[in-house]
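Colleague: Quick one: this structure, given as C-alpha cells, is what I'll be asking you about.
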Amino acid sequence: MPSYPLRALVLRKTKLGETDTILTLLADDGRQVRAVAKGLRRPGSKYGARLEPYAIVDLLIHTGRNLDVISEARTVESNALLREDLDLSAAASVVADLLDKISVEGQAEPVLYPLAVTTLETFQTAEKGAVSAVVTAFLIKALAMHGYRPELEECAACGGRLEDSSSLSLEHGGVICGACRAADASSLRCPPQARAWLRKLLHSTLAEIASSQMPQAAVYDCFILVRAFVEYHVPARLKALDFYAGMLTVK
Ligand SMILES: [Zn+2]
C-alpha cells in the first residue's frame with residue numbers, strides 16, 4: 001500500500017464501527033484530510049491520547065481503497081490545555097468547527113493552517129479576558145482568507161464614502177453608506193466605533209489583539225456582527241459558534 005507523511009491539526013473525531021475512529025484533519029497546506037485510526041477507542045490503543053481534537057500531529061498514512069488509514073502518529077503540539085479548560089475548549093471548538101466546514105478535501109488553502117495554529121497557541125498564552133477577542137479576530141480573518149473579506153473602508157454597495165455610516169450589509173459583504181442602507185434589508189447596526197474595532201480585528205496580529213485590552217462591550221458588539229457575517233457566508237450550521245455565543249451572552 002502506498003503511504004504518505006502528513007502534518008495536520010486534528011479537527012474532529014467520528015466513531016466508526018466498534019473501536020475505529022475517523023479523524024477529520026486540517027493538513028498543513030490547508031486541505032481537509034479524512035483518515036481512519038484503527039482501534040483508537042480500544043483501551044490501551046497504541047495512539048494513547050495523541051489523536052485528540054486540537055492536537056498537531058505528524059502522521060504516516062496508508063492510502064486505502066475507500067478511506068486512508070493512519071499507521072503512525074507523533075505529537076508535534078498536544079495543546080492539552082485546550083481540552084482541559086472549559087472556556088478554552090469552547091473557544092478552540094469554534095476554530096475547529098469553522099475549519100471543518102470551510103476546508104475542502106483535495107483543495108489547498110495554505111493560509112488557513114498557520115492562522116489556526118497561531119490562534120490555538122494564542123488562546124493558551126492570552127489573558128482569560130482576551131480570549132473572546134481572539135475568537136472574534138480568528139473568525140473575521142478566516143472568512144477574509146476564505147474569500148469573504150468584509151469591506152470596511154468604503155461603501156460595499158456603491159463604493160462611496162462612509163463618513164458616519166452605521167450599517168453592515170450581509171448581502172454586500174461590508175459596511176454601506178446611509179443612501180444604500182434604505183434599499184438593503186440585510187443590514188445590521190454597526191456604529192463607527194464598532195467599524196473601527198472590526199478593522200483592528202482584521203488587520204492586527206492575534207498577539208496584538210490579545211494584549212490590546214479591547215473592552216468586553218466592544219468585543220461583544222463585534223462578535224455579534226462577525227457571527228452574522230459568518231452564518232451568512234458559511235452554509236453549514238456551526239454548533240460550536242452557537243454554543244460560544246450563548247456563553248458570551250451569559251457573561
Ligand atoms: Zn453606498
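Colleague: Compare the Cα positions of Thr14, Leu120, Ala240 along the charge dipole of the chain (+1 at Cβ of Lys, Arg; -1 at Cβ of Asp, Glu; about the Cα centre) and return the one farthest towards the positive end.
Modeller: The one lying farthest along the dipole's positive direction is Thr14.
Colleague: Sticking with this one: For Ser186 and Ala80, what does the FRET efficiency come to when R0 = 45 Å and r is the distance between their Cβ atoms, rounded to the nearest 0.05?
Modeller: 0.60
Colleague: Just check the stretch 89-154 against the gyration tensor rule for me: Cα atoms, a ≥ b ≥ c as the square roots of the eigenvalues, rounded for a/c under 1.5, and otherwise prolate or oblate depending on whether a/b exceeds b/c.
Modeller: It is oblate, given that a/c is not under 1.5 and a/b is not larger than b/c.
Colleague: Please give me the summed charge of the neighbours of Gln213: other residues whose Cβ is under 13 Å from its Cβ, Lys and Arg +1, Asp and Glu -1.
Modeller: 0
Colleague: Compute a Gaussian network model of the chain, connecting alpha carbons closer than 10 Å, and tell me which residue from Ala228, Ala210, Ala37 fluctuates the most.
Modeller: Ala228
Colleague: Under a Cβ-Cβ cut-off of 12 Å, what is the net charge of the residues other than Leu238 that fall near it, where Lys and Arg count +1 and Asp and Glu count -1?
Modeller: 0
Colleague: Assign unit charges at the C-beta atoms only (+1 for Lys and Arg, -1 for Asp and Glu), then state the dipole size of the stretch 120-204 relative to its Cα centre in Debye, rounded to the nearest 20.
Modeller: That gives a dipole near 140 debye.
Colleague: Let me ask something additional. Net charge within 14 Å of Thr118 by Cβ-Cβ distance, Lys/Arg positive one each and Asp/Glu negative one each, not counting Thr118 itself?
Modeller: That works out to -3.
Colleague: Let me ask something else. Going by the alpha-carbon gyration tensor, a ≥ b ≥ c the square roots of its eigenvalues, is the stretch 132-227 rounded (a/c under 1.5) or, if a/c is not under 1.5, prolate (a/b greater than b/c) versus oblate?
Modeller: prolate
Colleague: Sticking with this one: Taking 31 Å as the cut-off for C-alpha to C-alpha distance, list the pairs among Lys15/Lys128; Lys38/Lys128; Lys13/Lys200; Lys141/Lys239; Lys101/Lys200 that go past it.
Modeller: Lys15/Lys128; Lys38/Lys128; Lys13/Lys200
Colleague: Would you work out the charge dipole size for the stretch 110-169 about its Cα centre, treating the Cβ of every Lys and Arg as +1 and the Cβ of every Asp and Glu as -1, and quote it to the nearest 20 debye?
Modeller: Here the size comes out at about 240 debye.
Colleague: Let me ask another. Compute the angle between helix 131-145 and the longest alpha-carbon principal axis of the chain, please, reported from 0 to 90 degrees and rounded to the nearest 10.
Modeller: So the helix axis and the longest Cα principal axis differ by about 90 degrees.
Each reported figure results from applying straightforward, stated rules to the coordinates on display, with no laboratory input. Computed from a predicted structure; not experimentally measured. Note that each Cβ is placed from the backbone with ideal geometry, even for glycine, and that neighbours are counted across all protein chains shown.
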